[in-house]
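Q: If you scroll down you'll find the structure; I have some questions about it.
The values are calculated or read from the model by the stated rules, or taken from the named source; none is laboratory data. Predicted model only: the values in this text are computed from it and were never measured. For neighbour counting, all protein chains shown are included, and Cβ atoms are generated from backbone atoms with ideal geometry for every residue, glycine included. Protein only, heavy atoms only, side chains kept; ligands, DNA and RNA dropped before computing areas. Shrake-Rupley method; radii C 1.70, N 1.55, O 1.52, S 1.80 Å.
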Amino acid sequence: MNKKFVVLLGIVFLSLSLITPVEACTSFLLKTKDGSTVYGRTLEWGMFDLKSSLVMVPRNLSNVSDLGGGRKGIAWKNKYGYVAINALDLPLYMDGMNETGLIVGELYMPGFSEFQSFKAGEESSTVSDVELSGYILAQFATVEEVRSALPKLRVISNPQTEKSFGAPVTLHLVVTDNSGSSVVIEYLKGQLHIYDNTVGVMTNSPSYDWHILNLRNYARLTPYAPAPGDTEAAGVNFTPFGGGAGMSGLPGDFTPPSRFVRAFFYVQSSLPLDDVDAAINQASRIINNFDIPKGILREGTSDNFQLGYTQWSVIGDIKNKRYYWWTEWNRQMRMVDLSKISFEGSKPVVIALDKVRAQNIEDRTGDFVSRDGKTN
């Protein structure tokens with residue numbers, strides 16, 4: 001990790017020791033009738049502007065992990081090129097897709113994530129936590145390859161970085177490949193846990209297995225309204241006032257457990273999707289339900305607080321290797337087609353997520369006004 005990375009992130013993350021960071025990332029998967037997989041996620045962070053960019057990282061690029069304190073870790077050459085969204089214009093990749101369609105998403109996991117400890121003599125098989133997503137994107141095409149490789153890899157927190165941050169980097173990862181196979185990767189008390197992402201949903205803390213267990217509390221929820229015969233008892237009419245009564249009790253707050261439950265039911269109740277285009281449309285509608293505006297989520301006191309809000313959202317068309325995004329400043333969907341990128345070059349190429357941080361609004365007034373200024 002270069003000095004610029006440590007210094008800049010140290011400045012903005014130092015305040016973590018003063019105010020607990022607000023995070024609310026949500027990810028999910030949708031499947032189409034032909035077995036294609038579409039990935040969606042939001043990125044929430046409110047302590048500061050992440051200044052994220054989209055980065056094209058070439059294949060054959062050489063890398064060495066920085067473990068802190070002058071120690072160097074695993075060295076690798078990128079087997080695959082990829083595109084990824086960074087933070088603070090630095091090689092901290094929070095989400096991305098490689099040229100095989102493999103997607104990696106980092107989600108915050110405070111209070112539970114704990115990476116492994118440094119072990120002298122194993123530097124050549126050790127990578128720092130903030131470089132793990134980039135390493136996976138660069139080296140692997142399938143979930144099974146990741147599952148096989150991670151037990152042989154030591155993942156540690158860079159103490160130099162954490163000292164600058166003022167708090168641990170607490171993350172877990174969701175990895176999904178072109179077959180639709182998906183896993184959640186967590187390091188808990190220094191131990192690697194790889195869970196099959198059976199329901200295709202992840203949020204933040206606590207661990208994935210806890211979230212799955214918690215779904216039992218909502219086993220009676222259904223998208224169907226109560227049957228007419230079930231809405232009267234003791235001569236009293238209990239007919240619901242409107243649609244959606246079958247989902248009464250669905251949690252609506254922004255905590256990770258509630259968002260996990262909500263995302264699960266949005267995915268499970270989705271109508272059959274004919275193709276990828278239908279799944280992309282559905283994914284964008286689901287994401288809208290997790291879009292957090294500024295002000296509703298605050299941490300701290302009334303005169304000293306930080307916000308939690310959505311800075312950007314992503315959809316990954318894994319089959320066609322297309323990566324879509326939009327931001328809080330411009331909600332128009334944009335896309336890069338990885339199948340049309342050569343991934344050649346000697347260094348990463350960075351482009352802004354927004355050419356201009358303003359909504360791109362199409363003015364349709366002209367459709368009602370003729371050339372002479374009169375209404376059609």
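Q: Rounded, prolate or oblate: which one fits region 276-376, using the alpha carbon gyration tensor with axes a ≥ b ≥ c (rounded when a/c is under 1.5, else prolate when a/b beats b/c, else oblate)? Don't skip to the end; give the middle numbers.
A: Values: a/c = 1.79, a/b = 1.09, b/c = 1.65.
Cα axes put region 276-376 in the oblate bin.
Q: Which one of VAL155, THR37, LEU215 has its Cα pushed farthest toward the positive end of the charge dipole of the chain, where Lys and Arg give +1 and Asp and Glu give -1 at the Cβ?
A: Farthest along the dipole direction, towards plus: VAL155.
Q: Then there is this: What percent does the relative contact order of the chain come to when contacts are Cα pairs within less than 8 Å and at least six residues apart?
A: Working: 797 pairs, mean separation 89.0, N = 376.
Over the chain, the number comes to 24 percent.
Q: Sorted by accessible area with a 1.4 angstrom probe, largest first, how do MET56, MET333 fall?
A: My answer, sorted largest first, is MET333, MET56.
Q: Would you pull out the residues with amide H under 5 Å of LEU353's amide H, same chain only if 5 or more places away, H placed 1.01 Å from N?
A: So LEU353 has HN proximity to LEU54.
Q: Tell me, what is the percent relative contact order of region 140-272, built from C-alpha pairs under 8 Å that lie six or more residues apart?
A: Numbers: 123 pairs, mean separation 23.1, N = 133.
Taking the mean separation of contacting Cα pairs over the length of region 140-272, I get 17 percent.
Q: With a 1.4 Å probe and all protein chains kept in place, how much accessible area does ILE287 have, in Å² rounded to the nearest 10?
A: Roughly 0 Å² of ILE287 is accessible to a 1.4 Å probe.
Q: When the solvent-accessible surface of protein heavy atoms is calculated with a 1.4 angstrom probe, in what order do ASP230, ASP95 fall, highest first? All intermediate terms of the calculation are to be shown ahead of the outcome.
A: Numbers: ASP230 115, ASP95 0 Å².
Ranked from most to least accessible, the order is ASP230, ASP95.
Q: Please compute the contact order of region 228-323 in relative form: average sequence separation of alpha-carbon pairs under 8 Å and at least six residues apart, divided by the residue count, as a percent.
A: Values: 60 pairs, mean separation 13.8, N = 96.
About 14 percent, as a whole number.
Q: I need the phi-derived Karplus couplings for region 107-114: 6.51 cos²θ - 1.76 cosθ + 1.60, θ = phi - 60°, integer Hz, Gly and Pro marked x.
A: Going residue by residue, I get 10, 5, 9, x, x, 10, 5, 8 Hz, with x marking Gly and Pro.
Q: Mind putting a number on the dipole of the chain about its Cα centre? Charges go on the C-beta only, +1 for Lys and Arg and -1 for Asp and Glu, and I need it in Debye to the nearest 20. Mind dumping the intermediate values first?
A: Working: 36 positive and 39 negative charges, 139 e Å.
The calculation lands at about 660 debye.
Q: Shifting gears a bit: Taking region 306-376, which trypsin sites (Lys or Arg not before Pro) meet the DSSP loop condition and have no more than 10 other C-beta atoms within 10 Å?
A: Details: sites: LYS319, LYS321, ARG322, ARG331, ARG334, LYS340, LYS355, ARG357, ARG364, ARG371, LYS374; in loops: LYS319, LYS321, ARG331, LYS355, ARG357, ARG364, ARG371, LYS374.
Here the trypsin sites (Lys or Arg not before Pro) that fit, given the DSSP loop and packing criteria, are LYS355, ARG364, ARG371, LYS374.
Q: How much of the accessible area of the chain, in percent, comes from carbon and sulfur atoms when a 1.4 Å probe is used?
A: Details: 9530 of 18030 Å².
Whole-percent figure for carbon plus sulfur exposure: 53.
Q: Each label point is 7 Å from the Cα along the Cα-to-Cβ direction; what then is the distance between the points at LYS294 and ASP89, in nm?
A: It is 2.1 nm.
Q: Would you be so kind as to identify which of ALA24, ALA278, ALA141 lies farthest towards the positive end of the dipole of the chain, taking Lys and Arg as +1 and Asp and Glu as -1 on Cβ and the Cα centre as origin?
A: Of ALA24, ALA278, ALA141, it is ALA141.
Q: Then there's this: Here are some pairs, LYS72/LYS355; LYS319/LYS347; LYS31/LYS355; LYS33/LYS77; LYS33/LYS152; LYS33/LYS340; which of them have Cα atoms lying more than 29 Å apart in this structure? If you can, show how the numbers build up before the last one.
A: Working: LYS72/LYS355 37 Å; LYS319/LYS347 27 Å; LYS31/LYS355 32 Å; LYS33/LYS77 37 Å; LYS33/LYS152 37 Å; LYS33/LYS340 26 Å.
Among LYS72/LYS355; LYS319/LYS347; LYS31/LYS355; LYS33/LYS77; LYS33/LYS152; LYS33/LYS340, the Cα-Cα distance tops 29 Å for LYS72/LYS355; LYS31/LYS355; LYS33/LYS77; LYS33/LYS152.
Q: Can I ask one more? Could you size up the charge dipole of region 296-356 around its Cα centre, putting +1 on the beta carbon of Lys and Arg and -1 on that of Asp and Glu, and report it in debye to the nearest 20? Walk me through the intermediate numbers first.
A: On the way: 9 positive and 7 negative charges, 73 e Å.
With Lys and Arg at +1 and Asp and Glu at -1, about 360 debye.
Q: Give me the 1.4 Å probe accessible area per residue for the chain, excluding ligands and nucleic acids, in Å².
A: Values: 18030 Å² over 376 residues.
I get 48 Å² per residue for this part.
Q: At 222 nm, what helix-only mean residue ellipticity would the chain give, in deg cm²/dmol to the nearest 500, using -39500 (n - 2.57) for each DSSP H run of four or more? If you can, show how the numbers build up before the last one.
A: On the way: 7 runs with 66 residues, N = 376.
The helix-only estimate for the chain comes to -5000 deg cm²/dmol at 222 nm.
Q: Considering only LEU61, ASN197, TRP312, whose Cα is most displaced toward the positive end of the charge dipole of the chain, charges sitting on Cβ of Lys, Arg (+1) and Asp, Glu (-1)?
A: Among LEU61, ASN197, TRP312, the one farthest towards the positive end of the dipole of the chain is LEU61.
Q: Taking the full set of protein chains and a 1.4 angstrom probe, give the accessible area of SER157 in square angstrom, rounded to the nearest 10.
A: 30 Å²
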